[in-house]
Structures are given as C-alpha cells and as structure tokens.
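Undergrad: First the structure, which I've put down as structure tokens, then a few questions once you've had a look.
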Amino acid sequence: MLFHKWVAWRVPEWTTITQYMSQEHGLFLPDDEKKARAILLNKKTVYMRPFEVAVYAETGAALDVHDPNDGIIVYGYIMEHLADWLHYMQEPHLTTRKVPIEGLRQFNALACKLFPVANRYGYFKKPEVTMATSVQALFGEVRLETQQHRFNDTIMRRIEAIYRKRGGIL
C-alpha cells in the first residue's frame, strides 16, 4: 500500500513549482514581509503516494496530512513495512535480497513526522497506570512511563544493527 495508495497531503504551495520554473523565472515575493510570509506559508493539497512523500519529507520540507485518519493508516503501513523487513533480516533465507536501507530510513523519517498525528488521534493509547507500576515508580531505577514510545525508531534501530552485523556500512 505504500507504493500504490494515493493520500491527500498539505504542502507549502511554493514546493509545487517545478525545478525548471524556479530556475527559469525564480520565486518572486512582494516587498511587504507579511505578504511574503503569507505566500510562503500558504498550503496546497496534493495527492501523492506515501513512498513519494517519504522522499519529500527527507528533505525536511514542511508537510501536513490532510486527513488525520489517513495519517494513522499511513503510519500503520510504514510500521508493517519496517516490521516485514526486520522479520526478513532476522530469518535465514536461501536467497538474499539487498536491503534498501536508504528507503527504510526515508520511511522512518516520514513515520516520525506522522507519529504525533497517529498518537493524537488514537493509534496508541496511554499506558494504563496500575498498582504494580505505581509501586515500581517509588524506587529510583524505575520511572513511571509518561511519554509514548515510538515503535518505528525501535524497529529501525534493530534493522540498522542487523544491517551492520551483516557487513553493511552505515
């Protein structure tokens, strides 16, 4: 689904200008700072597949998902994709495939941008405070968990560790 499903994203309108247009004509902004800022912050809805957005998000450009439910779905797809690659790397196979580590890093960067949306709209629930966790929190070494855990970062760290162990250079 990461390579086939079209999702609505909100990106700054100036990023939709082609490279040829920006080189040929440039990006003209008015002298008034408020108007120039408004033009730069103006968002436009575009439809892109998640793998295209992962390449876009790696550049660090502004990105917003149009529908939070889409953000949850795409985050789930990325988690499934990373988990599949982790499973593939942990299990022995007769034929080996080259691990697309750069692409996995791009998906991880997109998942990091989508995590607040997924967390806010119900992908993860807050950990339940039980009597056992409250008693454990009284001791110095154990702290009560207050922040949500980013599973995509954990999976990516495990993938990179296996990749390094197999001789891949990071």
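Undergrad: Restricting attention to the stretch 41-62, which residues are of a type in the set (S, T, N, Q) and either free of Cβ contacts under 8 Å to residues at least 12 places away in the same chain or under 21 Å from residue 73 (Cα atoms) (or both)?
TA: Across the stretch 41-62, the qualifying residues are 45, 59.
For every residue, the table says whether it meets (1) of a type outside the set (Phe, Trp, Tyr); (2) under 22 Å from residue 47 (Cβ atoms); (3) modelled with pLDDT of 80 or more.
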residue	(1), (2), (3)
63	yes, yes, no
74	yes, yes, yes
107	no, yes, yes
142	yes, no, no
155	yes, no, yes
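The values are calculated or read from the model by the stated rules, or taken from the named source; none is laboratory data. Computed from a prediction, not measured in an experiment: that's the story for all the values here. Here the Cβ is made from the backbone with ideal geometry for all residues, glycine too, and neighbour counts use every protein chain on show.
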